[in-house]
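Rule-based calculations on the coordinates, nothing more; no lab input. What you are looking at is a predicted structure, and each value in this text was computed from that prediction instead of being measured. Backbone-built Cβ (ideal geometry, glycine too); neighbour counts: all protein chains shown.
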Amino acid sequence: MRWYASALIVQSRILRHQGRYHDAARFAARALRLALKNQERLTQIDALIARSEAYGAERKKHDLAVADLLDALKLNRTADGTTSSSNPKVHAICHLHFVQNFLALKRLPDALASFAEWEKVRNFALDERFGDDHLCGDVRQFTSLPRFHLLSHRLKVSLHTVNTN
């Protein structure tokens, strides 16, 4: 069943790239339900991130994207329930997506805090060899971006080519 849920997540991302955001969110939700039923924590995290990506790409759903990312971070906590991250790649990706969504919501302080959190873990997340390899690929796509100071760009900076209007 894990492979089926993973296939649904891949389909969700394909649909998102095709601009079919509602369908992408629907496929990610199906993957999430399957992962919940089978108690597959990492697949649940991946499905939440995929659904947040679909919500984030669709206008006026950034608040739903943030909620899914918060749920993914909660699932990523260590087994003893501490706030430290059990998978730094998941932590890094969630915070990059937070930056995007907070900028779209014009929540600059939250965007800056998430960017700072990402900067704390980015090297560790890229250097570690455990976790889901496709998540690491998502992190690598952002590390090639030039460094910039968010305040000097007055919220007009987009981390990549997603339309945040």
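For a 27 Å ceiling on Cα separation, which of these pairs sit above it: Lys37/Lys60; Lys37/Lys106; Lys74/Lys120? Where the Cα-Cα span goes over 27 Å, the pairs concerned are Lys37/Lys60; Lys37/Lys106. Near Asp68, once Lys and Arg are set to +1 and Asp and Glu to -1 for all other residues with Cβ below 13 Å from its Cβ, the sum equals -2.
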